[in-house]
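For reference, the structure discussed in these notes is given below.
The values are calculated or read from the model by the stated rules, or taken from the named source; none is laboratory data. Bear in mind that the values here come from a model prediction, so they are computed numbers and not experimental data. Cβ placement follows ideal geometry from the backbone for every residue including glycine, while neighbour counts extend to all protein chains displayed. Each accessible area value is taken on the protein alone, full model and side chains, heavy atoms only, with ligands, DNA and RNA left out. Shrake-Rupley method; radii C 1.70, N 1.55, O 1.52, S 1.80 Å.
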Amino acid sequence: MFAEENGLHGDPRIKAISDAIRVVPHFPKPGIMFQDITTLLLDPKAFRYTVDIFVDRYRDKNISVVAGVEARGFIFGPPIALAIGAKFVPLRKPRKLPGEVISEAYVLEYGTDCLEMHVGAVQPGESVLIVDDLVATGGTLSAAIRLLERAGAEVVECACVIGLPLVKGNWRLNGVPLYVLVEPRLDDLECTL
Amino acid sequence: MSSADRISAIKSSLRVIPNFPKPGIMFQDITTLLLDPKVFKDTVDLFIERYKNENISVVAGIEARGFLFGPSIALAIGAKFVPLRKPKKLPGEVISEKYILEYGSDCLEMHVGAVKSGDRALIVDDLIATGGTVCAAMNLVERAGAEVVECACVIEVPKLKGRERLKSCGIPLYALVES
């Protein structure tokens with residue numbers, strides 16, 4: 001669900017966050033309008049609003065783990081984890097985590113990739129929030145959900161700064177709700193560094 | 001809790017993985033620190049306490065483990081956060097700085113315009129070894145016209161002389177623990 005349709009209708013912070021995101025056309029390849037959150041990170045107020053909205057939503061939900069998807073999930077996940085008193089668990093590309101891991105493959109447009117999590121990071125029965133900057137097809141987040149569920153955890157929600165419903169109106173991924181602050185923008189009239 | 005007590009708990013929370021990523025390397029794993037909310041908070045708080053009155057306008061974090069600590073520091077002290085990334089990850093116009101590895105070289109990139117002349121910058125990473133990556137980070141920030149005030153790391157590996165390397169580039173190092 002979009003934040004605006006779920007309690008934050010008319011909240012000026014949502015527009016500030018959307019306006020702070022820069023659209024970079026044809027990156028990483030032609031036809032893709034890349035949603036660049038680095039400009040949001042250059043705006044301390046807008047970055048603060050982003051974290052605050054997520055913290056307000058999740059602080060009283062007894063979430064014991066925030067899992068962040070490498071690498072941009074590492075930017076938003078830890079501040080949320082710290083504010084709600086949860087552990088932070090990095091979900092990483094292959095061969096980055098040094099200890100024993102579990103791996104989950106997922107399909108890309110061409111080929112596959114893999115996400116890994118440390119064995120023992122999450123205990124059975126823990127309540128988890130997964131965080132990434134953006135959800136597109138949901139492939140990476142689905143892999144993240146499978147990793148956490150294989151460890152016996154319950155994924156309460158997936159939180160992203162930017163995204164669209166996966167298929168028209170569908171806001172669930174493997175049965176897990178998606179919470180998104182803003183839609184992707186198609187053009188870039190206002191935002192400059 | 002005193003700084004000394006907090007630092008002791010931080011050191012105890014770290015996990016050492018022998019022979020990763022290759023034989024002979026004792027890898028300092030910070031993921032176990034992140035699994036202890038109190039210790040993680042203390043880590044970030046120690047940095048915030050040190051820098052909150054230093055007029056730092058930019059926190060530059062080195063991909064990827066610098067991203068785990070840098071943004072929380074930036075948010076608390078009201079600074080911009082700038083990610084310094086491996087090649088071809090940043091979507092806009094970038095400046096690049098090459099640095100030498102044990103075998104071969106690598107490259108760090110920063111968005112043009114992220115850092116401006118007059119900015120006072122803090123560079124953050126989880127660990128400093130030889131200091132090669134941090135020096136590349138420092139060069140990027142200085143090329144953009146900013147002043148690097150300090151480099152902040154959770155862990156320093158004294159044997160690899162990163163502190164001396166940074167000193168020869170003129171930047172002080174602040175590390176919470178030594179391996």
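Observations, loosely collected:
- The alpha carbon gyration tensor of the range B:75-169 gives principal lengths a ≥ b ≥ c with a/c of 1.5 or higher and a/b no greater than b/c, which makes the shape oblate.
- In the range A:1-38, burial by the other protein chains removes 10 Å² or more of 1.4 Å probe accessible surface, compared with the chain on its own, from A:R22, A:V24, A:F27, A:F34, A:D36, A:T38.
- Overall, the range B:3-48 carries a charge dipole of about 120 debye about its Cα centre when +1 sits on the Cβ of Lys and Arg and -1 on the Cβ of Asp and Glu, all other atoms neutral.
- Rounded to the nearest 10 degrees, the angle from helix A:73-84 to the longest Cα principal axis of chain A is 80 degrees.
- Amide hydrogen neighbours beyond the local backbone of A:Y179, cut-off 5 Å, H modeled: A:C158, A:A159, A:C160
- Pairs of C-alpha atoms in the range B:1-129 farther apart than 22 Å represent 45 percent of all such pairs.
- Take A:R146: with every protein chain present and a 1.4 Å probe, its accessible area is about 80 Å².
- Which of A:A71, A:G163, A:L129, positive extreme of dipole for the range A:55-193 (C-beta unit charges): A:L129
- Pairs from the list B:K86/B:K167; A:K87/B:K41; B:K98/B:K161; A:K96/B:K22; A:K93/B:K89; A:K29/A:K93 with a Cα-Cα gap above 18 Å: B:K86/B:K167; B:K98/B:K161; A:K29/A:K93.
- Magnitude of the charge dipole, the range A:6-115, Cβ model with Lys/Arg +1 and Asp/Glu -1, debye to 20: 180 debye
- DSSP-defined beta bridges in the protein assembly as shown - what % are antiparallel, rounded to 5: 35 percent
- The phi-based Karplus calculation (6.51 cos²θ - 1.76 cosθ + 1.60; θ = phi - 60°) puts the 3J(HN,Hα) values of the range B:152-168 at 10, 9, 6, 10, 10, 9, x, 4, 8, 6, x, 4, 5, 4, 5, 4, 5 Hz, whole numbers, x for Gly and Pro.
- Accessible surface, per residue, of the range B:42-179 when the full set of protein chains is kept, probe 1.4 Å, Å²: 39 Å²
- ³J(HN,Hα), Karplus 6.51/-1.76/1.60, whole Hz, each residue of the range B:42-58, x for Gly, Pro: 4, 4, 5, 4, 4, 5, 4, 4, 5, 10, 5, 9, 9, 6, 7, 9, 9
- For the protein assembly as shown, the share of accessible area belonging to carbon and sulfur comes to 52 percent (1.4 Å probe, ligands and nucleic acids excluded).
- Interface size, chains A and B: roughly 2900 Å² of accessible area buried, both sides included, 1.4 Å probe, rounded to the nearest 100.
- B:E164 - accessible surface, heavy atoms, 1.4 Å probe, Å² rounded to 10: 100 Å²
- Residues whose amide H lies under 5 Å from that of A:N6, counting only those 5 or more places away or on a different chain, are absent; hydrogens are built 1.01 Å from N in the peptide plane.
- For the peptides B:8-14, B:96-102, the ranking by packing is B:8-14, B:96-102, with the highest mean count of neighbouring Cβ atoms within 10 Å listed first.
- Residues in the range B:27-44 that, when all protein chains are in place, have 30 Å² or more less accessible area than the chain alone would give (probe 1.4 Å): B:T31, B:L34, B:L35, B:P37, B:F40
- Relative contact order (%) - criterion: Cα under 8 Å, at least six apart; region: chain A: 21 percent
- Amide H contacts of A:L42 (H built 1.01 Å from N, under 5 Å, at least 5 apart or other chain): B:F81
- Global form of the range A:74-146, assessed from the alpha-carbon gyration tensor, a/c cut-off 1.5: oblate
- Note, ³J(HN,Hα) from phi for the range A:89-105, Karplus 6.51, -1.76, 1.60, rounded to Hz, x at Gly and Pro: 10, x, 9, 10, 5, x, 6, 8, 6, x, x, 5, 10, 10, 10, 9, 7
- For the range A:52-151, the solvent-accessible area of protein heavy atoms averages 38 Å² per residue (probe radius 1.4 Å; ligands and nucleic acids excluded).
- Other residues within the sphere of radius under 9 Å centred on the Cβ of B:C135, judged by their own Cβ, net out at 0 (K and R +1, D and E -1).
- Rounded if a/c under 1.5, otherwise prolate or oblate - the range B:26-77, Cα gyration tensor axes: oblate
- Solvent-accessible area of B:V148 with every protein chain in place, 1.4 Å probe, in Å² to the nearest 10: 10 Å²
- Peptide B:64-76 is shielded by partner chain Cβ atoms: per residue, an average of 6 of them sit within 10 Å of its Cβ.
- Nearby lysines by direct alpha-carbon distance to B:K116 (threshold 16 angstrom, same-chain neighbours under 8 apart not counted): B:K80
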